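Before any comments, here is the structure.
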Amino acid sequence: MLKRRVPRVLVSGFVLAVAVSGLSACRTSPNVAAYVGDTRISVSELQSAVEDRLADPEVAAYADAQGDEFTRRVLGLLVQEEVFAAAAERFDVQVSDRDVRTRIDELLGNDDPEEVFGQLAQQGIGRADVVENVRQQLVRRGIAEAEGAADALGEEALRARYAEVRQSLAQVSFGYITVPDEATAQSVITQLAPGATAYPAVAAQFPGATTLPALESRAPDELPGILAEGIGSAAPNTAFATPVPEAGGVVVTFVQGTVYPPFEEVRPQLEDEAAQAAEAAGEEAIQEVRDDLGVTVNPRYGVLEEGRLVPGDGGVVDILGDEAAADPATAPAPAPAPAE
């Protein structure tokens, strides 16, 4: 169901796919971290990708706590990047840097970019990872469109969806004015008789922290607790008084009635909902590409368990290697590659 309010913070919409499905162990080389089809991700390429991320102190702090798991995660991201590049080529989907920047701006909304990227860095997610993740999101959408699975993003479909969910988006328009006594409250109720248009002028006579200067619209479950019952039972365009000593007197509540956000206000949420469905369809196509390519990961980086790259059972392994492991004379011999 469409939610009334969807925060547009990038953090909440950013998901790193670190699972690597479709792995096999039919070929290995001590200098190759993974194969994606005919493409090789070398150990040195993986090392460089890890070091690039460690240049951010926040990411480095996260990586230090994660140990080898961070390297496995980076390898998973490199594999994903190759798979999506192949999928984009197969379905002739082109995503420009400008498209990516525009989508990131949409996800950020009014949030401070530095604050958001800082939060992501604390989770080990660098800016380059954000850019690539959003690029992949747009590739999924593009594939869905190419496959005819993105019809829900059209104008007619969005308006039809709005009609379906409109009732669930209902809000109550109301305002409250705090006055010193019951007599004044009754006078204010009389002044509010003309309806919503009278409210701002009446409220301006009693400014304060417990007076709303203009009417507000809130979902039924977001109404002020002490006034919720009265608001719920009040007829449209009526007012009632409630003694609230802690507020400094009597609170006069005006209830305009039920209101619904217009289509254009809800449109971004409708588009996000439809896009998620389209991306799911696109992911199915990408999975087919992934299966066709075949992905092989060097066993020194872990083993496949339920679609995830996890540490092997052979004890602690420094998967990027220290000085000893980097020396061929002292490094443990790699496991023999099974015959293809």
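Things worth noting here:
- Using a probe of 1.4 angstrom and keeping all protein chains present, the accessible surface of segment 21-116 works out to 53 square angstrom per residue.
- For segment 63-138, with +1 on Lys and Arg beta carbons and -1 on Asp and Glu, the positive-most of Val83, Thr102, Gly124 along the dipole: Val83
- A simple spin-label model places the labels of Ala198 and Glu51 7.6 nm from each other, with each point 7 Å out along Cα-to-Cβ.
- Stretched out straight at 0.36 nm per residue, the stretch from Ile226 to Ser44 would grow longer than its current Cα-Cα span by 59.1 nm.
- Listed residue (Pro220, Ser187, Leu169) projecting farthest to the positive dipole end of segment 165-229, Cβ model: Leu169
- Extension reserve of the Ala60-Arg166 stretch, reckoned as 0.36 nm per residue once the Cα distance is removed: 33.5 nm
- Theoretical FRET efficiency, 1/(1+(r/R0)^6), r = Cβ-Cβ of Glu264 and Glu115, R0 35 Å, to 0.05: 0.80
- Positive-end residue, segment 261-302 charge dipole about Cα centroid, Cβ charges, pick of Ala281, Gln269, Val295: Val295
- Geometric descriptor of segment 60-193, per residue, is 230 Å³ (volume of the convex hull of the Cα atoms).
- Surface exposure of segment 128-279, expressed per residue as accessible area with a 1.4 Å probe, stands at 48 Å².
- Calculated on C-alpha atoms, the gyration radius of segment 189-241 divided by its Kirkwood radius gives an Rg/Rh of 0.94.
- Spacing of the two label points (7 Å from each Cα toward its C-beta) at Asp97 and Ala219, in nm: 4.0
The values are calculated or read from the model by the stated rules, or taken from the named source; none is laboratory data. The structure presented is a predicted model; accordingly, all values stated were derived computationally and were not measured. Neighbour counts run over all protein chains shown; Cβ positions are idealised from the backbone, glycine included. Accessible surface areas use protein heavy atoms only, side chains included; no ligands, DNA or RNA. Shrake-Rupley method; radii C 1.70, N 1.55, O 1.52, S 1.80 Å.
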